Amino acid sequence: MKKVYIKTVGCQMNVLDSEMVIADLKRHGYSVVDSPEEADCVLYNTCSVREHAEEKVYSALGTIRQAKEKNPEKTIGVMGCMAQKDQEIIFKRAPFVDLVVGPGQLHTIPGLLEKVQAGEGRQMAVSLSRKDGSQAVIARSHETFDPLRDPTMRPTPFQAYLRIQIGCDKFCTYCVVPNTRGPEQGRPPEQILSEAQTLAEQGCKEITLLGQTVNSYKFRHDDGSRTDMASLLEQLHEIEGIHRIKFVTNYPKDMTERLLETVRDLPKVSPYLHVPAQSGSDVMLKRMKRGYTVSDYMEMFERIERILPEATVSSDFIVGFSGETEDDFQKSIQLLERCRFKNSFIFQYSVRPGTKAAENLPDDIPREVKVRRNNELLEVQNRIAKEDNQKLIGSEVEVLVEGPSKKSKKSNDPSAVQMTGRTHCDRIVVFDGNLRQAGEFLQVHIDDASSHTLIGRVKTVEVVSIGGL
Ligand code: SAH
Ligand code: SF4
Ligand code: F3S
């Protein structure tokens, strides 16, 4: 049996893609190993969203080079967004790589590996199908791949990602994703529903729907009718066994009243919305070509507050984008103070070749300034998150238990296991418990809170003894 090792960086799409590639390779007789040294085939599933993510992969490739020199039979593959973006450049920078495969061709990996192993030389499969990418073509290729999942490859048996949308058409000026993932296309709802049904039958309780602008999801049927995000959620809600439905990432302009009301009316849908703002300055938003102003964002945010007062909202911010003044940056702080996001992912602007910003806008904010703004914004976010989490002390929350916490995984003491899970609102909760609780929904009483975590204890059922009986 051949052994494969896979290293994944990047977003949830990549986590899902790796799961599927491994499931596919297992069907082709591979087993999975934990280290590149013992593997016959080493795969890197890559991300191009920031330069740092790419450097990590090139540096890992530098390390694997010696192993490949010692054992030329070892096949080395680069897949995912960097494969799509860099193509031949990867062979130039790392000539010992055997395979370069873009995100749209992942189902060809077993066949390409066979070719490499048969001595046919390097293989490359990269195509964005921007020109020939009719919905039918994409739908067909995914029919043979996405639904063929292997439950053992999921992060936990009771949670799964489910892709509902491929690619992105928004072309924010800083972003490489439309170049690496191709045009936005909704998957046919029948496929999504049948995949969700299978997941439920396999014991999956929580699904997270994935798309770059997931709330813009739409699918046009042959008869001209359309399915949008709200009606997709309604249909998914009917599936027995699925208890929670989450979806990421949302695009502010498409957060309609109807969608928010649907989230409100469907108890399985988590009142948690990740809606990246990116900046609190209109000048920056325009330069980023995000398609909304700060006041549009606030209008959307107030719509969420009105329709879903219990919901948590999280965001992404980019600091140090081209021309960002101190005043622009202060506006991001103000937006964060106003919206009090549950959490924010904060990124320092990184120029991406092939984007409009790389062509037209100077990367003129010094690194030290980017670092300082990053830290400053993070500090405000952490303070807000801590304050809001502390308001939950004394309350009770329902937690879907995921497994032992990071701290517990490192500890050698099996009798004291710290377990971790998430609330419906996506807050992380840790508590002392046992491994059997994984996959259960538990009521947890919150005793303490930090900016990232709620600390609680499981409510024990009180046994009241009634005298005489
Ligand atoms: N589709 C999602 C995000 C995809 S990328 C959305 O539109 O919200 C995830 C995050 O990476 C983005 O939200 C943005 O904050 C950040 N990002 C993207 N390109 C970047 C770049 N060139 N430099 C720094 N951060 C970037
Ligand atoms: Fe990138 Fe913008 Fe598309 Fe998000 S919406 S993936 S930031 S281009
Ligand atoms: Fe990275 Fe590609 Fe995701 S560039 S963020 S892995 S879509």
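The values are calculated or read from the model by the stated rules, or taken from the named source; none is laboratory data. On a predicted model such as this, the values are computed, not experimentally measured, just so you know. FYI the Cβ positions are ideal-geometry reconstructions off the backbone, even for glycines, and counts take in every protein chain you see. Side chains are part of the model used for accessible areas, which takes the heavy atoms of the whole protein and leaves out ligands, DNA and RNA. Shrake-Rupley method; radii C 1.70, N 1.55, O 1.52, S 1.80 Å.
Pairs with C-alpha atoms separated by more than 28 Å, drawn from the list Lys170/Lys407; Lys7/Lys253; Lys56/Lys406; Lys92/Lys370, are Lys170/Lys407; Lys7/Lys253; Lys92/Lys370. At an R0 of 30 angstrom, the distance between the Cβ atoms of Ser450 and Arg372 translates into a FRET efficiency of 0.80. Counting only DSSP beta bridges whose two residues both lie in the chain, roughly 35 percent are antiparallel. Accessible surface of the chain, 1.4 Å probe: 51 percent of it comes from carbon and sulfur atoms. Take Tyr272: with every protein chain present and a 1.4 Å probe, its accessible area is about 20 Å². Looking at the stretch 162-280 alone, DSSP beta bridges between its own residues are antiparallel in about 40 percent of cases. Dividing the summed -39500 (n - 2.57) terms of all DSSP H runs of n ≥ 4 by the residue count of the chain sets its mean residue ellipticity at 222 nm at -11000 deg cm²/dmol.
Taking amide hydrogens as placed 1.01 Å from N in the peptide plane, the amide H of Lys2 sits under 5 Å from those of Ser31, each at least 5 positions away in sequence or on another chain.
Across the stretch 280-390 the C-alpha pair distances fall into 10 Å bins from zero in the proportions 13, 44, 32, 10, 1 percent.
Computed across the stretch 2-128, the Kirkwood hydrodynamic radius from all distinct Cα-Cα pairs reaches 14.2 Å.
For a 4.7 Å threshold on C-beta separation, the list of partnerless cysteines in the chain reads Cys11, Cys41, Cys47, Cys81, Cys168, Cys204, Cys339, Cys425. With a cut-off of 8 Å between alpha carbons and a minimum separation of six or more residues, what is the relative contact order of the stretch 2-128 in percent? This gives 23 percent for the stretch 2-128.
The figure for Lys407 is an accessible area of roughly 140 square angstrom, using a 1.4 Å probe on the protein chains alone.
For the chain, state the average projected area of the convex hull of the C-alpha atoms over all orientations, rounded to one decimal in nm².
Its Cα hull, projected and averaged over all orientations, spans 26.4 nm².
With both residues required to sit in the stretch 191-250, DSSP beta bridges show an antiparallel share near 40%. For the stretch 2-128, the per residue solvent-accessible surface stands at 43 Å², with DNA, RNA and ligands left out and a 1.4 Å probe.
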